Each structure stands twice: as C-alpha cells, then as structure tokens.
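Peer 1: Here it is, the structure, as structure tokens.
Throughout, read-outs are computed from the coordinates displayed, never taken from laboratory work. In this text the structure is predicted, and so the values were computed from the model without any measurement. Cβ placement follows ideal geometry from the backbone for every residue including glycine, while neighbour counts extend to all protein chains displayed.
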Amino acid sequence: MSDVKKVTDGEYDACLKLGENAFNYKLTQEQIKNRKWQMDKQDIFAVYEGDRMAAKLHLLPLQIFLNDKKVDMGGIAGVATWPEHRRKGYVGQLMKEALKTIREKGYSLSLLHPFSIPFYRNYGYELTQYTYTYQGSISNLIVEHPSYDGKLVRVNKEEAPSLLNDVYEKAASAYTLMLAREPWWWERRVLTDDTQIIAYESQGHMQGYLLAEMKKDRLVIDEFIYQTKPAFQALLQWMKNHDSMTEQIEISMLPGDLDAFHFANPRFKEVKQPYFMARIVDIENFFKLYPFADSLDNAPLNIKVYDKYAPWNDGVWQCIPKKEGMVVEQTSDEADIETDVKTLSALLLGSLPIEKAIFMNKLTGDPSSLARLSGWIPNNQPAFLDFF
C-alpha cells in the first residue's frame with residue numbers, strides 16, 4: 001500500500017491533468033490560473049505509484065452556518081484516480097487522511113458533493129442537502145403589485161460581494177449547513193462574466209437579489225434571495241418581464257420559498273434532487289458547538305456511536321445538557337441509545353426525522369431515552385446553494 005503525501009505547488013499540473021481525465025473536461029488557460037490560485041488555499045493529498053500521481057483529494061477549509069452560528073468545516077472535493085490505479089484502496093487511504101486532518105485542524109464537520117451516494121455512505125457521510133428547482137412558463141408566475149419605495153438595480157461583479165453578502169447571510173442563518181462566503185468565493189465560485197446580478201434596494205439598503213443567466217431556450221435563475229415582500233415581488237416581476245424573450249423559466253430556490261400558490265398553473269414543475277452529503281468528524285467538539293434545544297432535564301444520556309473511518313468517535317458518549325452547553329465525554333457505561341455516525345449526522349443536521357430513523361432501525365434504544373433525544377434536537381432545515 002502506497003503512502004499518502006501532501007501535494008506541493010510544483011505538482012499542481014499533475015493534479016489538474018488527473019482531474020480533467022476523471023471528470024471529463026478541458027480547462028482553459030484562464031481556468032487553470034484560477035484553479036491554481038484556489039489550490040494555494042487547500043490541503044491536497046495524493047497517493048503515488050513510483051513518481052506518478054495515482055489518486056488525489058482536495059480538502060477545502062470553509063465555514064458553514066449552524067443556524068446563526070458560523071463553524072469551521074472541511075470540504076472534500078476533486079477526489080480522483082487514474083483508471084489503471086482504481087480499486088486499489090487509494091481513495092480509502094485519502095479519506096482517512098482527510099478526516100484525520102480535519103480533526104487536527106479543530107473542525108468538527110465535513111461536507112462533499114458525491115459522485116455516488118452509496119460510496120460515500122461507506123465513509124460515514126449521509127445525504128443532508130437537496131436542490132429545489134422550479135421549471136415552467138414565465139406567464140404562470142403570479143406577481144402582486146403592492147406600492148413600495150424601493151427600486152431594482154443592476155450590480156456589477158466587482159461590487160456584488162460587498163453589496164449582497166449581508167442579504168445572503170441573513171437568509172443563510174435561517175438554515176443549517178449554508179456556506180459562509182468570503183469575497184473571493186463570490187468572485188471566483190458564484191459569479192461568472194455571464195451572470196446578471198439584479199438587486200432590490202430600499203432606503204439605501206439591499207433587501208433582495210437574484211443571479212440570472214439568459215440561455216437559448218429559457219431564463220435561468222441560479223439564486224433568488226429576499227428579505228421583504230416588496231423585494232420578492234419586484235424581483236419576480238423582473239423575471240416575468242422576460243416574457244417577450246422566452247417562454248420558459250427555471251428558478252433555483254431555498255427549500256420552502258415557493259409553492260403552487262405563486263403560479264397560475266400549479267402544474268409548474270418542481271424538481272428536488274439529492275445534492276450534498278455531510279458527516280460529523282469530531283463528536284466531542286460538534287456537541288459543544290451544536291445549538292441543542294433547551295432542556296429542563298440534565299440527567300445523562302449515553303449514546304453509542306459506530307464510526308469505522310473516524311475511530312476517535314467510536315464508542316459510548318455520555319451527554320449532559322447544561323445551561324452553558326452540552327457536556328460530553330466518552331464513558332464505559334452502558335448505552336441508552338445506539339446509532340452510527342451517518343445517522344447521527346443526518347438527525348442533528350435536520351435531514352432525517354427521528355421518527356423515521358427509529359422506524360428504519362437506524363436508531364435504537366428504550367422509548368424514554370429516544371424521547372429525550374428527540375426533545376434535544378431543534379427544528380433544523382439544511383440547505384446549500386454552492387458547489388465545490
């Protein structure tokens with residue numbers, strides 16, 4: 001078995017060549033320059049056979065929202081192996097190294113976009129986020145015309161991060177797992193030269209925006225964020241004003257933002273697609289950060305967690321809710337509840353209701369202990385608009 005090594009900047013070209021092969025694309029010189037700039041911010045690990053890179057993985061140091069709290073997160077991306085070196089266990093080596101590094105950095109969570117959901121479930125990740133897209137005729141959008149004192153403004157790419165980020169973060173803090181965006185992320189990962197950026201401004205404050213692109217056969221809204229009803233209606237009217245240019249529209253939304261009542265014809269198509277996966281990397285740190293619901297009961301609850309790829313999580317954890325936060329430590333006492341790390345991650349991050357986990361035998365224990373755990377978990381809604 002070959003050793004995992006950290007990639008240096010002199011090996012960036014080898015990483016990019018492997019990525020082009022694995023994901024079947026060809027980068028332009030400008031894209032190569034942009035990728036290398038971003039790679040300087042990443043930890044990249046590789047397995048070699050001789051002096052040739054056989055497999056690689058990128059670890060991105062990012063932050064996500066746990067409701068209104070920003071927490072550090074390790075994003076896994078660019079996992080790739082040359083075809084002649086596949087099925088040799090190299091990705092497993094890379095994933096173990098990445099999880100160990102994430103923990104050493106003090107991060108408690110990891111997210112990734114899977115090429116195969118079953119594959120990454122093997123490493124303790126579980127499906128947590130979906131995309132929500134609405135497709136149909138522009139003429140079916142219902143727009144009210146309330147009186148408002150704001151206006152729509154077209155924003156250029158350079159000023160967008162500073163003007164829009166507060167609006168974005170207010171929306172993001174209402175969910176779990178939304179990415180906290182730095183200015184460079186807006187500029188290099190969210191916006192392109194083809195993005196139309198339209199914002200609603202009232203009394204000197206941005207109250208909403210959309211990111212749009214006009215395709216040959218439809219208007220595509222990649223992001224639609226608003227804080228007020230006037231912002232929602234004004235931006236919706238901007239979409240409808242394209243009825244002379246195209247009949248079709250595709251709108252990407254946060255979960256629950258649109259429903260049939262906003263469309264004249266409720267046959268407007270709604271598409272929900274599996275998107276990102278997440279896992280708890282460090283249970284002890286995560287439980288200290290997690291916004292558990294207030295509990296009047298401060299008796300201990302022992303939770304046994306199975307975690308093959310992060311063995312420091314494997315075992316029984318005694319959890320005691322206190323006013324200052326959850327007190328958690330490993331114990332040799334018997335467990336009240338048993339589960340695995342991917343189920344625990346989905347439960348706490350809001351993608352799996354506890355009743356369903358119990359029904360599927362993914363969470364077991366005596367009824368009183370399960371009821372107590374249920375009372376600790378707040379009503380979280382995970383979401384994600386970005387990609388890496």
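Peer 1: Please report, to two decimal places, log10 I(q)/I(0) for region 99-216 at q = 0.15, 0.18 Å⁻¹ as given by the Debye formula with identical point scatterers on the Cα atoms and no solvent.
Peer 2: -0.96, -1.20
Peer 1: I would also like to ask the following. Give me the distance between the Cα centres of region 108-148 and region 3-60, rounded to whole Å.
Peer 2: Cα centroid of region 108-148 versus Cα centroid of region 3-60: 28 Å apart.
Peer 1: Along the principal axes of its C-alpha atoms, what lengths does the chain span, in descending order and rounded to whole Å?
Peer 2: For the chain, the Cα spread along each principal axis is 67, 59, 38 Å.
Peer 1: How high is the relative contact order of region 261-319, in percent, counting Cα pairs under 8 Å that sit 6 or more residues apart?
Peer 2: 26
Peer 1: According to the Cα gyration tensor, what semi-axes, each the square root of 5 times an eigenvalue, does the equivalent ellipsoid of region 295-362 have, listed from largest to smallest in whole Å?
Peer 2: Working through the eigenvalues yields semi-axes of 19, 16, 11 Å.
Peer 1: As a test of the definition: which semi-axes, in Å, follow for region 4-107 when you take the square root of five times each eigenvalue of its alpha carbon gyration tensor? Largest first, please.
Peer 2: 24, 18, 12
Peer 1: So for the chain, taking the charge dipole from beta-carbon charges (+1 Lys/Arg, -1 Asp/Glu), which of 367, 179, 92 sits furthest toward the positive end?
Peer 2: 92
Peer 1: Would you please report the Å³ per residue occupied by the convex hull of the alpha carbon atoms in region 19-59?
Peer 2: Cα convex hull per residue, to the nearest whole number: 83 Å³.
Peer 1: Additional query: Run the numbers on region 4-107 and let me know its relative contact order in percent, using alpha-carbon pairs under 8 Å that are six or more apart.
Peer 2: 26
Peer 1: Please compute the contact order of the chain in relative form: average sequence separation of alpha-carbon pairs under 8 Å and at least six residues apart, divided by the residue count, as a percent.
Peer 2: 19
Peer 1: A further question on this structure: Lysines within cross-link reach of residue 33: Cα-Cα under 26 Å, excluding same-chain residues under 8 positions apart?
Peer 2: 5, 6, 17, 41, 56, 157
Peer 1: Where the only charges are on Cβ atoms (+1 Lys, Arg; -1 Asp, Glu), what is the dipole of the chain about its Cα centre, to the nearest 20 debye?
Peer 2: My answer is approximately 720 debye.
Peer 1: With a cut-off of at most 14 other beta carbons within 10 Å, and DSSP calling the residue loop, which chymotrypsin sites (Phe, Trp or Tyr not before Pro) in region 1-106 qualify? Please list them.
Peer 2: Passing both the DSSP loop test and the Cβ count: 25.
Peer 1: Using a Gaussian network model on the chain with a 10 Å cutoff between Cα atoms, which of 182, 223, 97 fluctuates the most?
Peer 2: Between 182, 223, 97, it is 182 that shows the largest mean-square fluctuation.
Peer 1: Let me ask something additional. Just want the answer: with Cβ charges of +1 for Lys and Arg and -1 for Asp and Glu, which residue in 106, 147, 160 is farthest toward the dipole's positive end in region 77-165?
Peer 2: Ranked along the dipole, the leading option is 106.
Peer 1: Give the long-range amide H neighbours of residue 314: residues separated by 5 or more places, or on another chain, with amide H under 5 Å away, using H modelled in the peptide plane at 1.01 Å from N.
Peer 2: 307
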